1. Checking Ile139 against (1) exposed (fewer than 13 other Cβ atoms within 10 Å of the Cβ); (2) over 14 Å from the mean Cα position of the chain (by Cα); (3) under 30 Å from Gly39 (Cα atoms): exactly one of these is not met. Which one?
2. Here is a list: Leu61, Leu14. Which entry is more than 30 Å from Arg106 (Cα to Cα), out of contact with any helix residue (DSSP H, G or I) (no Cβ under 8 Å at 6 or more places or on another chain) and surrounded by 12 or more Cβ atoms within 10 Å (Cβ to Cβ)?
3. Failed condition for Ala29, given (1) farther than 29 Å from His103 by Cβ; (2) surrounded by 10 or more Cβ atoms within 10 Å (Cβ to Cβ); (3) hydrophobic (A, V, I, L, M, F, W, C), with all others met?
4. Is there a residue in region 65-85 that is part of a helix (DSSP H, G or I), under 30 Å from Leu146 (Cα atoms), of a type outside the set (A, V, I, L, M, F, W, C) and outside the structural domain of Ala145 (by TED's automatic domain parsing)?
5. Run down Ala145, Ala122 and say which single residue is at pLDDT 90 or above, under 16 Å from the mean Cα position of the chain (by Cα) and surrounded by 10 or more Cβ atoms within 10 Å (Cβ to Cβ).
6. Quick one: would you say Ala111 is closer than 25 Å to Lys37 by Cβ and in contact with a Gly (Cβ under 9 Å, 6 or more places away or on another chain)?
7. Could you tell me whether region 103-113 includes any residue that is free of Cβ contacts under 8 Å to residues at least 40 places away in the same chain, exposed (fewer than 12 other Cβ atoms within 10 Å of the Cβ) and more than 18 Å from Gln153 (Cα to Cα)?
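The values are calculated or read from the model by the stated rules, or taken from the named source; none is laboratory data. The shown structure was predicted, so the numbers you read here are calculated from the model rather than taken from an experiment. Cβ: placed from backbone, ideal geometry, glycine included. Neighbour counts: every protein chain shown.
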Amino acid sequence: MAESSPCGDNPRMLEQKWLLYAVLSAISAAVVGILAKIGMKEVNPILATSLRSIVMMLFMLIVCSIKERWTNLSQVHATAIVMIALSGVAGATSWLFGFEAYHIARVSQVAPIDKLSVPLAAILAVIFLRERPTGVNWIGIALIALGAYLTAQPARG
């Protein structure tokens, strides 16, 4: 069941709301690597990923409870649960590999390569969701890939 929007039916507010959430997501994601690198100085990356996952789960349980979202649980279809569970496994493997990379390399090297998820997600969305980016969108996607590659290059000099 789709959840009603906090913006009602106002498309302009919805447009601004998604962008605000996306920017806040990017800011939060940017801090992950920094905090992980500092926290993992003497901690195994697998243990660090596990601890992060526990904290994240507890945080989300609290948010779901505060927002009173548990009442919708019985309305979630089995297919949705399976897809969400698989998304969780994909996210966990992303964190696991990411924390291993942060443990070995500089955040300024790892983070740009991690952002290759953007062009990969666009390609997968075309294949599996039948999304159709425009030519300008494809140029942006290519620039993200190029930027990730260039940013991850070792410093010379």
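1. Ile139 satisfies all of (1) exposed (fewer than 13 other Cβ atoms within 10 Å of the Cβ); (2) over 14 Å from the mean Cα position of the chain (by Cα); (3) under 30 Å from Gly39 (Cα atoms) except (3).
2. Unique residue meeting the criteria: Leu14.
3. Of (1) farther than 29 Å from His103 by Cβ; (2) surrounded by 10 or more Cβ atoms within 10 Å (Cβ to Cβ); (3) hydrophobic (A, V, I, L, M, F, W, C), only one is false for Ala29: (1).
4. no
5. It is Ala122.
6. Yes; evaluated as a whole, the condition is true for this residue.
7. Scanning region 103-113, I find no residue that is free of Cβ contacts under 8 Å to residues at least 40 places away in the same chain, exposed (fewer than 12 other Cβ atoms within 10 Å of the Cβ) and more than 18 Å from Gln153 (Cα to Cα), so the answer is no.
Every residue, every condition in (1) at pLDDT below 95; (2) β-branched (Val, Ile, Thr); (3) in contact with a helix residue (DSSP H, G or I) (Cβ under 9 Å, 6 or more places away or on another chain), yes or no:
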residue	(1), (2), (3)
Gln75	yes, no, no
Tyr102	yes, no, yes
Val110	yes, yes, yes
Lys115	yes, no, yes
Val118	yes, yes, yes
Val126	no, yes, no
Trp138	no, no, yes
Ala152	yes, no, yes
